[in-house]
Protein chains: 2
Amino acid sequence: MNLIEKKTLSRIQKEKRSTIKKAALEVFSEYGLRGATLDKIAVASGLTKPNILYYYSSKDQIYFDVLSGLLDEWVAPLHNISSDGDPIDELLGYMKAKLKMSKQKPQESKLFATEILHGAPLTQNVLATSLKQTLDEKVAVIDKWIEEKKLEYVNGYHLFFSIWAMTQHYADFDIQVKSILNQSEEELFDDAEEYLTSVLLRTLSVRAP
Amino acid sequence: MNLIEKKTLSRIQKEKRSTIKKAALEVFSEYGLRGATLDKIAVASGLTKPNILYYYSSKDQIYFDVLSGLLDEWVAPLHNISSDGDPIDELLGYMKAKLKMSKQKPQESKLFATEILHGAPLTQNVLATSLKQTLDEKVAVIDKWIEEKKLEYVNGYHLFFSIWAMTQHYADFDIQVKSILNQSEEELFDDAEEYLTSVLLRTLSVRAP
DNA sequence: AGAAAAATTGTCCAATTGGTCAAAAAATTC
DNA sequence: GAATTTTTTGACCAATTGGACAATTTTTCT
């Protein structure tokens, strides 16, 4: 019986797949696709290697499944940007949601970063279609706000790029950040939020001198 | 004869090591340390595998050498920030220098990013000492500028983090950026520079509303 | 309970990989 | 130009790795 094609998964199947995915996220985010081994995933999950291969047909399949589950979650906060709201509130809220994800889900952020960094072999499709479409919509919202004089002019695409870059930096490069700042994670992210809020506020609400 | 301990390298040694490093940078930046293989480096360099191992005692040694050469280059622009100059000119200049590096040396940026992302096994020392020291100095310069009222208050550390994040994003995540924007590299980096200049100008020169 | 299906595992295999080594080839030195 | 040193390479090896598979155990269904 091919598990992949089956529609309803049993309790055990759901549990074990979830266990495997959780362990795989740990291992993949630390070592990348090629650096991760089935043995490491086996140890991390408490299962045997053949048992893992009973639930997934290959290492690549596990990687693909983990990453797929991640993509939606990663793009989700974008959908919460409402064209009806106050532009600055909406964009500040988006930044804060992204920063929160960096704090609470650094492994996911790192896995995603590694994937893109190494050429997005599995996700290039999604990036060029689904993500692009969603982002185009949100940039259109920004352009509309600008036209309605609710927002100073700003390049929408690069605005989103910079929000992604600045917020994810605290997850992806945490080692660097923490080796420079000797703070608790709480302090660090509080300072980061204060700084990013300030940057965004100034960028969005003031005409360039 | 142990090449590592020899002080003067022959012409051939210099050439071959340089060839190997160049090829290794390509391979390491695309696949990471663990994903890169000696065979790939051999093909990319046009040398045989044992010949590579004649010049470097191990794959890790090559990686270490490539990364070491990179670190200085990567931190270098920081040194050009002069406390005598105009704060905004100095920081804008720094941002532009970093953005230029992202455009011209994406492989180096990606290799560095991968290293940090995966826990900086070889560079954590340098980060915590040399980089931290240099950055501390430059943050002190910023704090001095603020005290002298030449600059509005800004968190110096997070300012640098955000400059790093925003500029390196265009190299490290180029696949994502390019799958969203269908522009030539020239246009893309021109727009990026314009946007980042605007963000930085507004961040540095205007009191938050 | 007993049959059938699903889950688990020990054992094994072929491919890849980092690295060795002795011999050959090329360059350098005298 | 012969001797010596340096460079290059083909052949090889041991370890790791992704994965196959048959046998066993556990769960599910009637």
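The values are calculated or read from the model by the stated rules, or taken from the named source; none is laboratory data. Note that this is a predicted model, so its numbers are computed, not measured. Cβ: placed from backbone, ideal geometry, glycine included. Neighbour counts: every protein chain shown.
Of A:159, A:117, A:122, all but one fail to be in contact with a helix residue (DSSP H, G or I) (Cβ under 6 Å, 6 or more places away or on another chain) and within 9 Å of chain B (Cβ to nearest Cβ); the exception is A:117.
So for region A:71-79 (the condition being away from every other protein chain (no Cβ under 14 Å), surrounded by fewer than 16 Cβ atoms within 10 Å (Cβ to Cβ), within 10 Å of DNA strand C (Cβ to nearest atom) and touching a residue at least 24 places away in the same chain (Cβ under 8 Å)), does at least one residue qualify? No, there is no match, as no residue in region A:71-79 is away from every other protein chain (no Cβ under 14 Å), surrounded by fewer than 16 Cβ atoms within 10 Å (Cβ to Cβ), within 10 Å of DNA strand C (Cβ to nearest atom) and touching a residue at least 24 places away in the same chain (Cβ under 8 Å). Listed here are the helices (runs of 4 or more DSSP H) enclosed by region A:14-129 that have at least 1 residues being among the aromatic types (Phe, Trp, Tyr) and more than 21 Å from the chain's Cα centre (by Cα): A:49-55. Going through B:17, B:34 one at a time, which residue ends up being touching a Gly at 6+ places or on another chain (Cβ under 6 Å) and surrounded by 14 or more Cβ atoms within 10 Å (Cβ to Cβ)? None of the others qualify; the one that does is B:34. Of all residues in region B:40-54, those that are of a type outside the set (A, V, I, L, M, F, W, C), in contact with a helix residue (DSSP H, G or I) (Cβ under 6 Å, 6 or more places away or on another chain) and more than 8 Å from DNA strand D (Cβ to nearest atom) total 2. A count restricted to region B:165-202 and to residues that are over 16 Å from residue A:156 (Cα atoms) and surrounded by fewer than 20 Cβ atoms within 10 Å (Cβ to Cβ) stands at 5. Summed over region A:1-13, the residues that are among the charged types (D, E, K, R) and either in a helix (DSSP H, G or I) or at pLDDT 90 or above (or both) give a count of 1. Which one of these is away from DNA strand D (no atom under 16 Å from the Cβ) and within 14 Å of chain A (Cβ to nearest Cβ): B:82, B:29, B:68? Step by step, each of B:82, B:29, B:68 is checked, and only B:29 is away from DNA strand D (no atom under 16 Å from the Cβ) and within 14 Å of chain A (Cβ to nearest Cβ).
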